[in-house]
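The values are calculated or read from the model by the stated rules, or taken from the named source; none is laboratory data. Note that the coordinates shown come from a computational prediction; the quantities given were computed from them, not determined experimentally. As a convention, Cβ positions derive from the backbone with ideal geometry for all residues, glycine included, and neighbour counts pool all protein chains shown.
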Amino acid sequence: MGPEGRRDRVRITAQLIHGASDEHLWANDYEGDLTDILSLQKTVARAIADEIKIAVTPEEEARLSSVRQVNPEAYELYFRGRYHFDKWTKEGFERAIEYFQQAIEVDPNYAQVYAWLSDSYGWLWLVGVLPPEEYSSRSTVLIKKALEIDDALPEAHLALAEKRLYLEWDWKSAETEFKRAIDLNPNFARAHQDYAWHLMAMGRFAEAKAEAKRGHQLDPFSYPANETMGMVYYYARTTRQ
């Protein structure tokens, strides 16, 4: 599935293919204005859910029904930031911050960008570039802003969970936020992966393994998915698996 089109229009072609047999099961095209890309994505998600007969939770239904227009320039800047973030390097996080900041300048109400910007500062702190005080102050403002715009945003609750876990060592509050992020979006791979790290820290390795496996299933080729799986097996002393 992927978007294509002119700068002011976008078309998404969605296909369902049976992995084992490579049989083509279903396909459809969806087209709309780029400003309505979020609505278009949710239309596609709903169509796929209906086609494969999966149950949609009340939280997912609410999010699929809630849409906002997005500034095309901010949308492009956001995904440029995501591209650099997913390199998982110091330079990648720094470039991601630049793009996320530009996206906010274009669209100050783009809640997701605030959450990812907080994450970017968090990773710069984790790799030793940013002082903890600066990460704390910046993330507090950014997470608060994201939740003010959309208090049901999974990315914002994940950013808060990470801050509670890694910086504040508030285990109980961190777990609450991890679970909230997953409840809001059960297919949020990073939420499962990061929750696995929390569970490892608590010594709850069976639960950590389940969360890591789910995160890996959702995003099998990403660096954090594979790292998390490896570390769960290592700390659980089951490296032969």
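Quick notes on this one:
- Number of residues in segment 210-233 that are farther than 21 Å from Glu162 by Cβ and either among the polar types (S, T, N, Q) or part of a helix (DSSP H, G or I) (or both): the value is 2.
- If you go through segment 120-178 and keep only what is among the small types (Gly, Ala, Ser), farther than 21 Å from Ala96 by Cα and either buried (at least 22 other Cβ atoms within 10 Å of the Cβ) or within 17 Å of the chain's Cα centre (by Cα) (or both), you end up with Ala152, Ala174.
- Residue check for Glu207: in a helix (DSSP H, G or I), at pLDDT 95 or above and surrounded by 17 or more Cβ atoms within 10 Å (Cβ to Cβ): no
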